[in-house]
1. Restricting attention to region 98-112, does a residue exist that is without any contact (Cβ under 8 Å) to a residue 24 or more places away in the chain and over 23 Å from the mean Cα position of the chain (by Cα)?
2. How do the pairs read when you match residues in region 125-145 that are modelled with pLDDT of 95 or more with residues anywhere that are part of a loop (DSSP other than H, G, I, E, B) and among the β-branched types (V, I, T), using Cβ under 7 Å and keeping only pairs 6 or more apart or on different chains?
3. Consider region 113-166. How many of its residues are touching an Asp or Glu at 6+ places or on another chain (Cβ under 7 Å) and within 25 Å of P103 (Cβ to Cβ)?
4. Cβ contacts < 8 Å: first residue over 13 Å from Y331 (Cα atoms) and touching a residue at least 12 places away in the same chain (Cβ under 8 Å), restricted to region 356-377; second residue assigned to a helix (DSSP H, G or I) and among the acidic types (D, E), any location; separation 6+ or different chain. Result?
5. Among the candidates L260, L210, L270, which residue alone is at pLDDT below 90, among the hydrophobic types (A, V, I, L, M, F, W, C) and surrounded by fewer than 13 Cβ atoms within 10 Å (Cβ to Cβ)?
6. Contact list please: Cβ distance under 9 Å, first residue in region 146-167 and more than 14 Å from L215 (Cβ to Cβ) and touching a residue at least 24 places away in the same chain (Cβ under 8 Å), second residue of a type in the set (K, R) and assigned to a helix (DSSP H, G or I), pairs at least six apart or on different chains.
7. Would you be able to say whether some residue in region 92-114 is in a loop (DSSP other than H, G, I, E, B) and at pLDDT 95 or above?
8. Among the residues of region 28-48, which ones are in a helix (DSSP H, G or I) and at pLDDT below 95?
Amino acid sequence: MPVSIAPPTIIVKPPRLLFLDGIRGLAALYVTLHHAALMIPPGELSGPGLTVRFLLRHGHGAVAVFIVLSGYCLMLPAACDSSGRLPSDFGGFLRRRARRILPPYFGALLFCWILIALIPDLGHPARSPWDRALPAFSPGVIVSHLFLVHNLSAHWLFKIAPPLWSVATEWQIYFLFPLLVTLWRRNGHLAAIAASFAIGYSVAALAIPLKNPALREMCPWFAGLFTLGMVAALAAHRHPSVIENGRMFRGGPVAIGLVLIAITCTGLALAGTDDRNFMLTDPIIGVLMAGLLVRWTRSTSPGASRPQLPLLRLLQRRWAVALGTISYSLYLIHYPLIALGDAVMRRWLLLPETRLWGLILIVAPSILLAAALFHRIFERPFQAAPENSGSAGQQRLPAVRNPAIMASR
């Protein structure tokens, strides 16, 4: 009786795409400088200071880039497997994300609470941008942040450390991941993108009847940007035969229906709101970033024929990669330290222009050192393997039939 032998498996380790670290690092640095500049009202600046503040006003766009990168990196296991399978179930995926995201997040909460409790300038309103982080110790604020639901209410959204709202939004997007993967497998990329934007804009539209502006300010349409990152990973890494077999835009009627629903939900979300810019500009940023990720990934592949662009080479520099390594820690802790630096300079009665340059040239570089230390204590111990930055780490995948697939990764 013949013995059935299971197909051999090999360990495939996708290459670490260094430029992803560079993008993440520069985006986190830009967000830090953005918040430093926002500490000074534009009416108190003139000349070069006003120009610098104007150039640093797009911090929200950098957060949108983070979300696209997240979808790209988390889809790599499926993108690098010729069958499109993920290496484990949703429970395993969520546990890995929790191990990666939550310890530094809780460490940042503890760090902020200690600063607010011990430093009077941070514990009391002072007519500065930091005021929206207070109060930080009310029961609702504490519980909502511990369970990552603080982005669901305007009373909690920007408390403790305002940038933390996006951590909650991204965490909630993870729960859509199985649905998005299922839509992609059954109905193609277009259906997954349309559905994610429809879900996001539907939540934003509820802000009007529920009179809850947080449902719009939490940027639920980031689910669409996350999906654009997923699709970019598939387009950059999947073997061409998958696209040739119609996988790319399979399920036409379903996809078209979801696109129409997404457009309708977009209109409902935009109706009657004053802050329309992010709803329109974030998807544009998402599409552009997804396209760049596909192009740059192919440019760095072993068989690439075109020379790398200067910007791509810059993103792969050692300093940019190192900055990307601590980017999450930098994002988590920079805001209270900027507020502290500004409070100190206010006590010294420094002019607004001087405070701006002090925040940018002295406080921000000092925060990089604090972020490196925070990363070593709260982030690095929980990284079982280098989690991309471009690499999904070692995954056990079926043996690859076509060697061209291996060469393309």
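1. Scanning region 98-112 turns up no residue that is without any contact (Cβ under 8 Å) to a residue 24 or more places away in the chain and over 23 Å from the mean Cα position of the chain (by Cα).
2. From residues that are modelled with pLDDT of 95 or more, the pairs are A133/I160; A136/I160; V141/I160; H145/I160.
3. Count: 1.
4. Pairs that qualify, where the first residue is over 13 Å from Y331 (Cα atoms) and touching a residue at least 12 places away in the same chain (Cβ under 8 Å) and the partner is assigned to a helix (DSSP H, G or I) and among the acidic types (D, E), are L359/D342; V363/D342.
5. L260
6. As it stands, the answer is F158/R132; K159/R132; P162/R132, since those pairs meet every condition given.
7. no
8. P42, G43, E44, P48
The values are calculated or read from the model by the stated rules, or taken from the named source; none is laboratory data. Computed from a predicted structure; not experimentally measured. A quick note on method: Cβ atoms are made from the backbone with ideal geometry, for glycine too, and the neighbour counts reach across all protein chains shown.
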